[in-house]
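Notes follow once the structure below has been shown.
The values are calculated or read from the model by the stated rules, or taken from the named source; none is laboratory data. The structure displayed is predicted, hence computed values, not measured ones. Here Cβ is always computed from backbone atoms with ideal geometry, including for glycine, and neighbour counts include all displayed protein chains. These area figures cover heavy atoms from the full protein model, side chains too; ligands, DNA and RNA do not enter into them. Shrake-Rupley method; radii C 1.70, N 1.55, O 1.52, S 1.80 Å.
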Amino acid sequence: MTDGKDSDTMPGITLYSRNAARTTQRNILPGFGLTLGYTLVYLSLIVLIPLAAISLAAVKIEPGQFWAAISDPRVVASYRLSFIAALAAAAINTIFGLLTAWVLVRYRFAGRKLLDAMVDLPFALPTAVAGIALTTMYAPTGWIGRLLAPLGIQIAFAPLGIVVALTFIGLPFVVRTVQPVLEDLGTETEETAASLGASRIQTFTRVIFPELLPSLLTGFALAFARALGEYGSVVFISGNMPMRTEIAPLLIMTKLEQYDYAGATAIAMVMLVLSFLLLLAINLLQRWATRSRQ
Amino acid sequence: MSIQVNNISKTFGSFAALKNVSLTVNDGELVALLGPSGCGKTTLLRIIAGLEFPDPASGPVLFHTDDVSRQDARRRRVGFVFQHYSLFRHMNIFDNVAFGLRVRPRNVRPNKAEIKHRVESLLNLVQLERHAALYPWQLSGGQRQRVALARALAVEPKILLLDEPFGALDAKVRKELRHWLRRLHDEMAITSVFVTHDQEEALELADRVAVLNTGRIEQVGTPEEVYDHPANPFVFNFLGNVNIFHCRDKEARQQVGLAQAAAATTGEKVAAAYVRPHDIEISRAADSETIPARVVHIAAAGPVAKIQLARLDTREMVHAEITRQKYRQLNLNTGESVYIKLQNPRYFSEDYVI
Amino acid sequence: MPTHRAQLKSQEGRWIRPALIAMALLFLALFLLMPLAAVFVEAFRRGIGAYVQTFTDPYAHSAIRLTLLVALMTIPVNLLFGVAAAWAIARFEFRGKGVLLTLIDLPFAVSPVIAGLMFVLLFGLHGLLGPWLLERDIQIIFAVPGIVLATLFVTFPFIARELIPLMQSQGSEEELAALSLGANGWQIFWKVTLPNIKWGLLYGIILCNARAMGEFGAVSVVSGHIRGQTNTMPLHIEILYNEYDFVGAFAMASLLTLLALVTLVVKSVVEWKSNKEHAHTEIGVLQ
């Protein structure tokens with residue numbers, strides 16, 4: 001079942017095997033105390049203490065002030081924008097990610113390997129670089145913006161631009177979660193379905209799609225979670241207009257620059273809780289995906 | 001060096017893999033741990049090796065007279081051959097075999113020339129001297145198995161432990177390696193324990209066989225002992241094919257051999273007679289101890305003729321194996337009615353659950 | 001079966017396959033290739049002379065230096081953590097392992113801006129440890145230590161994430177074999193474990209490096225944007241871009257883009273290597 005793809009996919013989408021192939025009690029090898037101890041200490045220093053710091057800061061804010069901070073219309077607008085844009089980008093990535101994975105797995109054409117490798121570009125390219133490159137392309141004078149401007153479509157410096165940036169940074173997730181499943185699936189199941197008289201569309205909707213669903217949802221959730229917190233690529237393309245193209249992370253930044261630490265903390269806390277819920281959902285989805293693949 | 005384990009228990013979570021197991025392996029002996037998968041045989045082997053530690057309440061593991069219970073695998077100096085060989089995939093065959101010598105502390109480490117000499121003579125022993133520069137993936141399963149053995153022997157262990165040594169090989173290679181291993185053991189006279197689920201392998205190769213089932217040792221003995229005098233139905237059943245004749249009442253007892261059945265079953269205790277297929281005698285003449293049966297199927301190809309019969313009274317199936325000569329004498333045909341007689345039946349009470 | 005395959009192909013229709021390929025290509029070209037091309041086109045818009053000229057700026061120098069310094073400090077620390085975590089998690093059974101795995105993933109789920117904010121709340125002037133640090137004249141926020149800390153947080157899971165599934169899938173039998181042959185912990189790690197995970201480890205390092213050099217949001221919060229002192233390459237790109245020095249911004253961006261491309265090449269090589277080794281093991285099992 002496991003091929004190379006499983007063990008060295010990009011971060012954020014690798015499925016841990018919860019019970020490794022050879023289940024043995026492994027407490028015989030040396031170094032358990034040392035490595036686990038170091039892991040826990042380092043985890044506490046870099047991740048847990050900072051998290052505790054922000055939670056503590058959030059608790060210290062008076063409830064009234066906290067509520068005022070997060071119910072401010074500008075904040076609510078930023079939440080709505082972040083949420084909807086991330087959702088839209090994740091949806092686009094789900095559709096085109098499935099298409100890309102399908103084409104890369106099932107068809108052989110010149111340049112396929114190169115494209116396959118390129119899919120990971122958004123993981124490796126700094127977000128600021130992506131931001132300025134996309135802005136240049138989609139600005140009214142850019143390669144694509146120029147074509148769309150006469151039609152009255154504005155992408156850069158408009159909400160649409162945010163969706164474009166978030167689509168870019170979330171692109172690899174769906175492809176990389178669906179790809180290994182599709183490779184495992186092989187063509188045999190389809191051929192069986194076809195030999196039983198199913199049409200091509202029936203085969204897809206009844207045989208292939210249900211198999212892909214867990215990984216598709218996992219990829220969607222990962223892309224959504226990543227898009228929700230994204231900052232670097234969006235600030236360049238969005239134009240950062242309050243109430244219109246201002247995403248939540250940017251608003252945190254603005255509050256910080258105004259030394260409004262309480263406001264920044266309140267906005268961040270809401271986003272953190274949402275992120276953790278998403279992480280939980282992703283964990284459950286991955287468990288489902290692993291189970292359905294066994 | 002002898003091995004002695006006393007009252008070993010091992011639980012994984014809520015699963016008891018071993019329940020109070022005791023076993024002694026004498027110096028220079030070759031012992032098989034035989035049993036179905038999940039019976040605890042591999043766990044016992046790994047506990048002897050120090051790759052697994054028993055539950056705290058267990059008794060000690062002794063090598064000769066030394067208590068090694070608290071030593072880990074590194075200090076026990078046993079040779080262990082893993083089921084999947086576990087060769088180091090990034091090292092060639094020479095380096096694999098040399099590993100155990102090279103990781104020794106500097107003051108007891110042989111010098112380069114000695115290591116080379118030792119590894120070469122071991123590769124000679126396992127007939128792989130020309131493969132020294134190859135990598136594990138370039139070898140066949142049987143060759144890998146021999147490398148694993150050479151690697152384990154390189155550290156000159158006093159005890160050799162093998163986990164399903166032929167498990168992953170095909171039937172023919174298996175047989176060859178089996179004979180080869182026996183010869184090797186006889187030459188080196190190193191105390192050895194191997195795990196197997198194949199009764200033929202255990203009976204053919206081992207000096208003594210320990211039969212395990214659900215975490216307990218059911219019987220320990222020479223191959224003849226466990227085969228001819230199984231301690232219970234499980235051992236009887238596991239070591240070969242068997243026909244079971246129920247003797248619930250007097251009438252049934254009469255049918256399977258009145259005198260013996262009466263002697264074997266005290267009072268009205270329910271019993272069953274266990275008979276191996278080659279102990280079913282087929283004849284054309286009836287007497288007081290025969291049961292009428294009809295021939296259902298005949299498979300006469302091979303060293304023995306396998307006859308499937310149906311008892312005329314209970315319609316139960318009976319499997320018999322007779323020599324080809326006997327088969328020709330009887331001139332059996334499918335559908336014919338004959339008489340069967342039970343030789344060497346063993347009686348066990350029926351409440352025994354296999 | 002050839003007949004089935006032929007049947008499938010004919011069912012699929014002659015146009016579906018090229019249409020799907022074309023759509024996927026269009027999507028990838030639009031979202032991957034064009035931005036990539038845009039970086040280099042913009043960087044060389046005024047010619048190669050103008051491109052080279054941008055790197056003579058001392059601020060550009062100091063940004064590159066700082067970025068290299070941060071990566072150089074981040075990678076060893078996260079490398080040590082990644083190996084330790086992978087050893088503990090992939091080689092031993094213990095309670096709470098699932099929770100630990102989730103906690104290691106946590107930084108993936110946290111917005112980079114919030115990551116930066118957390119360190120400001122901890123070490124900033126108004127933060128928990130702010131007064132204590134001020135008394136001792138230690139500056140973390142708006143200084144290099146803050147940048148390193150924020151980068152450590154953001155790149156925290158990368159190497160561990162790469163190694164854990166790899167070591168889990170390899171199992172520990174080879175290490176147990178080494179143990180039974182008398183090797184000690186260090187010998188097992190250096191002679192058996194490390195050679196088996198070297199490609200995954202290399203990829204984890206190169207990926208961690210790419211993120212460490214490219215991190216923007218978290219670093220932006222804690223850096224203070226002091227030119228020549230706390231500006232990393234991505235932050236310097238932002239400043240140049242906002243000052244309409246597009247050639248300068250894209251020239252700097254082109255360096256980071258090259259780094260990203262190198263990362264992808266290394267990934268492909270690693271994948272190819274591990275697939276090859278995997279194929280070998282498979283063949284062996286069949287024999």
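Residue pairs whose Cβ atoms lie under 7 Å apart, sitting 6 or more positions apart in sequence or on different chains, and linking a residue in region A:251-277 that is more than 7 Å from chain C (Cβ to nearest Cβ) to a partner that is among the aromatic types (F, W, Y) and open to solvent by 30 Å² or more (accessible area, probe 1.4 Å), are A:A266/A:F66. The residues on offer are B:V173, B:V147, and the sole one that is aliphatic (A, V, I, L, M) and open to solvent by 10 Å² or more (accessible area, probe 1.4 Å) is B:V173.
Quick check, is C:I16 more than 25 Å from the chain's Cα centre (by Cα), β-branched (V, I, T), within 14 Å of chain A (Cβ to nearest Cβ) and loosely packed, with under 13 Cβ neighbours inside 10 Å? Break it down stepwise before answering.
Numbers: more than 25 Å from the chain's Cα centre (by Cα): yes; β-branched (V, I, T): yes; within 14 Å of chain A (Cβ to nearest Cβ): yes; loosely packed, with under 13 Cβ neighbours inside 10 Å: yes.
Taking the combined requirement at face value, the residue satisfies it.
Out of all the residues in region B:227-248, which are in a loop (DSSP other than H, G, I, E, B) and touching a residue at least 24 places away in the same chain (Cβ under 8 Å)?
Hits for region B:227-248 are B:P230, B:N232, B:L239, B:G240, B:N241, B:V242, B:R248.
For C:M73, the criteria (1) open to solvent by 40 Å² or more (accessible area, probe 1.4 Å); (2) at pLDDT below 95 hold in every case but one, which is (2).
Residue check: C:A183 meets all listed conditions (1) more than 14 Å from chain B (Cβ to nearest Cβ); (2) open to solvent by less than 10 Å² (accessible area, probe 1.4 Å); (3) in a loop (DSSP other than H, G, I, E, B); (4) not basic (K, R) but one, namely (1). Can you spot a residue in region A:199-216 that is at pLDDT 90 or above, open to solvent by less than 40 Å² (accessible area, probe 1.4 Å) and within 11 Å of chain C (Cβ to nearest Cβ)? No.
From the list A:T290, A:T265, exactly one residue is crowded, with 17+ Cβ neighbours inside 10 Å and closer than 30 Å to A:V181 by Cα. Which is it?
On the way: A:T265 fails: closer than 30 Å to A:V181 by Cα.
Exactly one residue qualifies, and that residue is A:T290.
Got at least one residue in region C:168-179 being more than 14 Å from chain B (Cβ to nearest Cβ) and either touching a helix residue (DSSP H, G or I) at 6+ places or on another chain (Cβ under 9 Å) or modelled with pLDDT of 90 or more (or both)? The answer is yes, given that some residue of region C:168-179 is more than 14 Å from chain B (Cβ to nearest Cβ) and either touching a helix residue (DSSP H, G or I) at 6+ places or on another chain (Cβ under 9 Å) or modelled with pLDDT of 90 or more (or both). Of all the helices (runs of 4 or more DSSP H) wholly in region A:49-157, which have at least 1 residues that are open to solvent by 30 Å² or more (accessible area, probe 1.4 Å) and more than 30 Å from C:V265 (Cα to Cα)? Those helices (runs of 4 or more DSSP H) span A:49-60, A:63-71, A:73-106, A:145-148.
Rundown of residues vs (1) modelled with pLDDT under 90; (2) out of contact with any helix residue (DSSP H, G or I) (no Cβ under 8 Å at 6 or more places or on another chain); (3) more than 7 Å from every other protein chain (Cβ to nearest Cβ), yes/no style:
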residue	(1), (2), (3)
A:D3	yes, no, no
A:A20	yes, no, no
A:L29	yes, no, no
A:L34	no, no, yes
A:G37	no, yes, yes
A:L48	no, no, yes
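Being more than 27 Å from B:G28 (Cβ to Cβ), more than 11 Å from chain C (Cβ to nearest Cβ) and of a type in the set (D, E) is not true of B:D67. Within region B:101-117, is even one residue in a loop (DSSP other than H, G, I, E, B), free of Cβ contacts under 8 Å to residues at least 60 places away in the same chain and of a type in the set (G, A, S)? Checking region B:101-117: not a single residue is in a loop (DSSP other than H, G, I, E, B), free of Cβ contacts under 8 Å to residues at least 60 places away in the same chain and of a type in the set (G, A, S).
List the helices (runs of 4 or more DSSP H) inside region C:83-142, counting only whole elements, that have at least 1 residues being surrounded by 21 or more Cβ atoms within 10 Å (Cβ to Cβ) and either at the interface with another protein chain (Cβ under 7 Å from one of its Cβ atoms) or in contact (Cβ under 8 Å) with a residue 60 or more places away in the chain (or both).
Values: elements: C:97-109, C:112-123, C:130-135.
Per the criteria, C:97-109, C:112-123.
Of the strands (runs of 3 or more DSSP E) lying entirely inside region B:13-98, those containing at least 3 residues that are open to solvent by 20 Å² or more (accessible area, probe 1.4 Å) span B:15-25.
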